[in-house]
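Inspection log for the structure reproduced underneath, given as structure tokens.
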Amino acid sequence: MVITDGDAKAAAPKRPAAAATSKPASGNSAAPRAAASPSRLRAGAASKPAITSKPAAGKAPSSTKPAATGTSKSGSAGSKATGTAKSGAGGGGGGGGAKGGASKGGVKGTASQARSPAGPVAEQVAGPDPEVEAARKAELEAKAAAEMEALRRAAWQAQVEYERKQEAKRRQQREEEAKRKKEEAALRKALLEAAYDGDDAQLRVGLSRARDEGYLRPEPVEAADGHGNTLLSEAAAGGALSTVQMLLQLGADPNTRGEFLRSPLWRAAFLGQEEVVPVLLQGGADPRIGNEGGELPEHVAPPAIKEVLRAWDVAKTDQLIQQFEARRLERAAAVQAERAQAVRGCEESLAAAEEAHSRAQQLLRHARMELEKRIHEYDTCVEEKKPEGLTGVALDQIHSAEKVVEDARKRATEAAEALDTARLRLHREQQQQLAEGGEEAEALPGVPVAVRALNDVLIRDVGGLIAASGKWPLVIDTSGQASVFLRYQDTNYVNALNSRHMEPHMLRRALLGAIRYGKAMVLDLQDCDLWPEMPRMFDQVLVHPGLLASVLDRSLLKEERYTALIRAEDGEEYDKNKFQESRIRAFGFIVLTSSRQPNPQLVERMYCLRVMITE
């Protein structure tokens, strides 16, 4: 049930609308309208409203209203463009009406019965005409199906375009990553060859490039081939004395072990590189390190090198190893400081992206609220039968507001993408590893569910998965189909962007009515990140913090704490003795969003369902 700002005590049953005819303009496409907003579909269906019925004599305008032209219903107060009108402000009275309760401040029966010249009172007592009621129900179902089909088609097209862009982005990332890996492999090969050949100039250029472009992390000087043979090991094996000296100065580890666990000193000794062996020993190479067979460098060296190795004092080696370890720790600290600086830079970029995202969300929220106001003004013009010129102006304002919303939505999408990119960069720096280049699929929260299964999964909770989670459901639906589905259910629907819906009195009655009549309260955030503001909006109901938190953890339903919501003006209908335990247990709280990536705090607090968009 859609919240209206009529009489707060109304408890009118669902009843058929006045006999209104819908005449959508020829050639007008329903899909774009429906995809944007059900209310906008109605507003854009015809530039000239076609209302052929009149309200019954003596009927309060705020109680029952003739339906506007079109096929959808408005989130605005007092109007539901489904070919029917409903009363029951705050949603509580609507629950009573759904149960067949007596109307307070409303008219019971159809509009045609109320206009009957013969015995209007008797006809009201007789109740709705079954044929009219059946026709009304069929009309509602047809309009709901039309809305959802239009939304489904538009959402499917949007989904296909989104997936096409995402696939193009992933393909580009894979191509860039493949290119990067190819360049890195070529650079590693060139460095190893330069080290073996003793080409110091080329080696310096290659190492500089590796540091600048982030290749061969974490230390380019420790680059190795597939067998673990490092640049120093290759230089030692090739007898490149100056290269060995340069690499040791750059901090290369003299005791790495490559193929067959052979160290640079072992390979130099085995290959008879007499000039290189003393330099390696002075650089910290340990002659006590053998190969995988246990053979020491002394065992495989020619006689001249054997003499050098036997004459070497290993106590000096221990000293040199300690010095090397100290230098290694200094370099590691320097690398950590550099990485910390990079992280700080990413954090600053993330903060800027979050600020830009917040501004974009504010603009989108403001644009959405202005559109809701324009729709309400149009509804008022139609219902009060204002002059055609005034109604046309109101319709033009809706179209202008829609353009502003579309522009704000695009900016918000761009800001959200920039925010995700900033978060990814920060994550990469924090994890100290290269990006995967988009090879993994996009992680989207929520258990996939088809629209046709919403009744079983969301409303009936077949299998009890939602109840077992201990959380209320969050429905993530970028298509808008779930919004139409829930609007046509017996729920208390609250549009978080509608200022009238979010008034403390209306919000209180929506929550209290849902508890009183055992139905679900639906909070529709649409595509705006409104969740951080919701605690404050709910706190205005009781003027003290914690109402939304008590709804989420269900503590509001315990020990009759919900009675704090009751006011004297609610009347006897909301006497605390009227609240039944079975209905209280049937209460539900559903959050609805059309944002692809909802607020992380909201996702954490709720049981997430993601509506699947099918072709």
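Think of the stretch 266-371 as a dipole: +1 on every Lys or Arg Cβ, -1 on every Asp or Glu Cβ, centred on the Cα centre; then among Leu364, Ala351, Leu320, Leu364 lies furthest on the positive end. Taking 0.36 nm per residue of separation and subtracting the Cα-Cα distance, full extension of the segment from Arg561 to Arg288 would add 90.5 nm. Distance in nm between label sites at Arg310 and Arg460, each 7 Å beyond Cα in the beta-carbon direction? Here the modelled spin labels are 9.2 nm apart. The residues Lys181, Lys143, when put in order of fewest to most other Cβ atoms within 10 Å, stand as Lys181, Lys143. With 23 Å as the limit on Cα-Cα distance, the pairs of Lys143/Lys386; Lys471/Lys558; Lys519/Lys578; Lys143/Lys471; Lys373/Lys410; Lys385/Lys519 that go past it are Lys143/Lys386; Lys143/Lys471; Lys385/Lys519.
Given a cut-off of 20 Å, what percent of all Cα-Cα pairs of the stretch 182-247 lie beyond it? Summing the P(r) tail past 20 Å for the stretch 182-247 gives 15 percent. Going by neighbour counts of Cβ atoms within 10 Å, the residues Val244, Val132, Val611 line up, fewest first, as Val132, Val611, Val244. Sorted largest first, the spans of the alpha carbon positions of the stretch 184-310 along the three principal axes are 44, 26, 20 Å. A full extension of the chain between Ala568 and Arg536 corresponds to an added length of 9.1 nm, given 0.36 nm per residue minus the alpha carbon distance. Given their separation in residues at 0.36 nm each and the Cα-Cα distance between them, Glu414 and Asn577 gain 53.4 nm when the chain is fully extended. With the simple model of a label 7 Å out from the Cα in the direction of the Cβ, Lys169 to Arg211 spans 3.5 nm. A simple rule links phi to the HN-Hα coupling: the Karplus curve 6.51 cos²θ - 1.76 cosθ + 1.60 with θ = phi - 60°, which for the stretch 466-474 gives 5, 4, 5, 6, x, 10, 7, x, 10 Hz, with x for Gly and Pro.
Convex hull volume of the C-alpha atoms in the stretch 447-611, normalised per residue: 111 Å³. Binning all Cα-Cα separations of the stretch 302-395 at 5 Å, short to long from zero, yields these whole-percent fractions: 3, 10, 7, 7, 6, 6, 6, 5, 6, 5, 5, 4, 4, 4, 4, 3, 3, 3, 2, 3, 2, 2, 0. Residues whose amide H falls under 5 Å from that of Asp129, counting only those 5 or more places apart or on a different chain, are Thr110, with hydrogens built in the peptide plane. As a proxy for reagent exposure, Tyr378, Tyr215 were ordered by neighbouring Cβ count within 10 angstrom, fewest first; the result is Tyr215, Tyr378. Starting from the Cα of Arg180, move 7 Å in the Cα-to-Cβ direction to define the label point; list residues of the stretch 199-228 whose amide nitrogen is under 19 Å from there. Answer for the stretch 199-228: 207-221, 223-224.
A short reminder: the numbers here are calculations on the coordinates, not readings from a lab. Only a predicted model underlies this, so the values are computations on that prediction, with no experimental measurement involved. Quick reminder, even Gly has a Cβ in these numbers, built from the backbone with ideal geometry, and neighbours come from all protein chains shown.
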